[in-house]
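For reference, the structure is listed below as structure tokens.
The values are calculated or read from the model by the stated rules, or taken from the named source; none is laboratory data. Source: prediction; values computed, not measured. Note that each Cβ is placed from the backbone with ideal geometry, even for glycine, and that neighbours are counted across all protein chains shown. We work out accessible area using only protein heavy atoms, side chains counted, and drop any ligands, DNA or RNA first. Shrake-Rupley method; radii C 1.70, N 1.55, O 1.52, S 1.80 Å.
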Amino acid sequence: YTYLEALSAWAPSPNATGPSDAANYHPLDGIQLIDVVLHGNYALNVSQPAGTADYVAKFLNTRGTMIDNMESYANNGPGFWFDTQNSNMTVKNSYFHDNKNISGTTSTGRGLNLEANWGPVLIQNNVFSNNARMGLGITASQGITMRNNLIAGSPRCMELTNDLSRVALFPLKNISLKGTVCKGWTDFAGLMTIGGAPAFTTPSQMGIMADSTTYDPPSSSSIYAWWENKSIGAAYSVSDEQNKFGWETHGKKAAVTWP
């Protein structure tokens, strides 16, 4: 029930061009968050400008951070936020659920938020459930591997955002989504891309791939995935994703039991 942040980390590296830029990249190294519970934080619950949006838990400019067996729930804002120049992160065996939109906003209630980061990033064996906006948000980040995550009961399972104003340092690319369960989304598409058609070429050109996903849609007409380049557009089924996106060789539609 913290008033502002429950957890924060920050180090200055204003001129860094990437994780291998040893002259300018000076992150905090090796933070480990193990067996941590975050509950009901950011009690202030008001929207802040983007430059000072310090909500529940926010890390900037860290390297090698590991989150293992965290439960983050019923917070106002993202359950955890890696925001800018983080690299080599691991989030595993954790549960992000029932996080809420901050008063006056419509998209801050995210389970996990990744923004403007460098790889490698591993997101593995987590559950994202009943968050107010999406289970997982990935913005302007690269080098991400997701394996065996369950995302259920949120308006969207995932959003992938490409920000053209930051694309030189933080392109959205090289993202692998494997073994995801995407269940019960209600807002337009289970996997949504955002940023406008000029920000998206094709999945293969951007190195974005999904396979072995299990989709449990709320209705037979739901859009499984939306690609912002409208020549590709909407996928209404696994076969659509195979034909339009080149994804889901082993994907399937199936009922998933989840409380």
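Here are some notes:
- The stretch 1-80 versus the stretch 145-168: alpha-carbon centroid distance in Å: 18
- For the stretch 106-259, the fraction of alpha-carbon pairs in successive 10 Å shells from zero, as %: 12, 46, 37, 5, 0
- Rounded to whole Hz, the Karplus (6.51, -1.76, 1.60) HN-Hα couplings of the stretch 112-117, x for glycine and proline: 10, 10, 10, 9, 6, 10
- In the stretch 57-139 the Cα-Cα distances spread across 10 Å bins starting at 0 as 21, 53, 25, 1 percent of all pairs.
- q = 0.13 Å⁻¹, the stretch 1-52: log10 I(q)/I(0) [Debye, one scatterer per Cα]: -0.53
- For the residues T193, T90, a 1.4 Å probe over the protein chains yields an accessible-area ranking, largest first, of T90, T193.
- Restricting the calculation to Cα atoms, the stretch 111-192 shows an Rg/Rh of 0.97 when the hydrodynamic-style radius is the Kirkwood one.
- Derived value for the chain: Kirkwood hydrodynamic radius 18.2 Å. Basis is the mean of 1/r over every pair of different alpha-carbon atoms.
- Surrounding net charge for W226, when Lys and Arg each add one and Asp and Glu each subtract one, Cβ distance under 13 Å: -2
- Within the listed set P12, P155, P120, the residue fluctuating most in the Gaussian network model of the chain (springs between alpha-carbon atoms under 10 angstrom) is P12.
- Dipole in debye (nearest 20) - the chain, about Cα centre, beta carbon charges: Lys, Arg +1; Asp, Glu -1: 360
- At q = 0.09, 0.14, 0.18, 0.20 Å⁻¹ the log10 of I(q)/I(0) for the stretch 1-152 amounts to -0.25, -0.61, -1.02, -1.25, computed by Debye summation with a single uniform scatterer per C-alpha, solvent ignored.
- With both residues required to sit in the stretch 114-259, DSSP beta bridges show an antiparallel share near 5%.
- Across the stretch 10-91, the convex hull enclosing all Cα atoms gives 83 Å³ per residue.
- Rounded to the nearest 10 Å², the accessible area of H250 at probe 1.4 Å: 120
- Karplus-derived 3J(HN,Hα) values for the stretch 187-193, using 6.51 cos²θ - 1.76 cosθ + 1.60 with θ = phi - 60°, are 10, 6, 8, x, 10, 10, 9 Hz; glycine and proline are entered as x.
- Rolled with a 1.4 Å probe across the full set of protein chains, the surface gives F170 an accessible area near 20 Å².
- Considering only V238, V37, V121, the mean-square fluctuation computed in a Gaussian network model of the chain, springs between alpha carbons under 10 angstrom, is largest for V37.
- The 3J(HN,Hα) values that the Karplus relation (6.51, -1.76, 1.60; θ = phi - 60°) gives for the stretch 33-40 are, in residue order, 10, 10, 6, 10, 10, 10, 9, x Hz. Gly and Pro appear as x.
- Projecting the Cα atoms of A254, N41, S94 onto the charge dipole of the chain (Cβ charges, centred on the Cα centre) puts A254 farthest toward the positive pole.
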